[in-house]
Amino acid sequence: MKTQFLFLTLVIFSCIVKAQDVSVSDKFVVFQGHVFLSGGWRGETEEDSNQRSASFVPIDAVIDNGVLSIDFWDIVDNVTITISREDSPEVYSKSLFVNETAQLTFSINTYTPGIYLLEFSNPDGGYVSGWFEVK
């Protein structure tokens, strides 16, 4: 009985996740909520990344009701933010100097429906990215 309950719980959770996210080339595409950011922020070498289980990314991106909020949790110095449509050139690009915690918000309601790539890069070779969808 416990095994069936656990299995049913996992199936329901899986359905909820699939209802919100779509997979594109093994990347999570989010319509609402946190944009899954992956990559390395400090420009780590392969040797550095092998000694750590996960790289700390001091950035969070959340979509809520057509508004993209980008939170910088730490000093990131120079950062370039780029948004490009999956099959088109970039639609947004901005370079910033972030020397304290900060939040940047803007509307994505005017974007053409489709799948977009959100990218962050720094001069140290750091790069993180995540996918989101505009419906």
- [ ] Can you run down the residue pairs with Cβ atoms below 7 Å, 6 or more apart or on separate chains, where the first is in the stretch 106-120 and more than 15 Å from THR82 (Cα to Cα) and the partner is crowded, with 17+ Cβ neighbours inside 10 Å and among the hydrophobic types (A, V, I, L, M, F, W, C)?
- [x] PRO113/VAL134; GLY114/VAL134
Task: Subset of the stretch 67-83 (residues that are touching a residue at least 40 places away in the same chain (Cβ under 8 Å) and not in a strand (DSSP E or B)) - done: VAL76
Open item on the list: Name the residue that is surrounded by the most Cβ atoms within 10 Å (Cβ to Cβ), counting only residues in the stretch 84-107 that are in a loop (DSSP other than H, G, I, E, B) and of a type outside the set (D, E, K, R).
Closed with: THR101
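Residues are listed down the side, and each one gets a yes or a no for (1) among the hydrophobic types (A, V, I, L, M, F, W, C); (2) modelled with pLDDT of 95 or more; (3) touching a Cys at 6+ places or on another chain (Cβ under 7 Å); (4) in a helix (DSSP H, G or I):
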residue	(1), (2), (3), (4)
LEU8	yes, no, no, yes
VAL22	yes, no, no, no
ARG52	no, no, no, no
ALA61	yes, yes, no, no
LEU118	yes, yes, no, no
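The values are calculated or read from the model by the stated rules, or taken from the named source; none is laboratory data. On a predicted model such as this, the values are computed, not experimentally measured, just so you know. Positions of Cβ are generated from backbone atoms using ideal geometry, with glycine treated the same way; all protein chains shown enter the neighbour counts.
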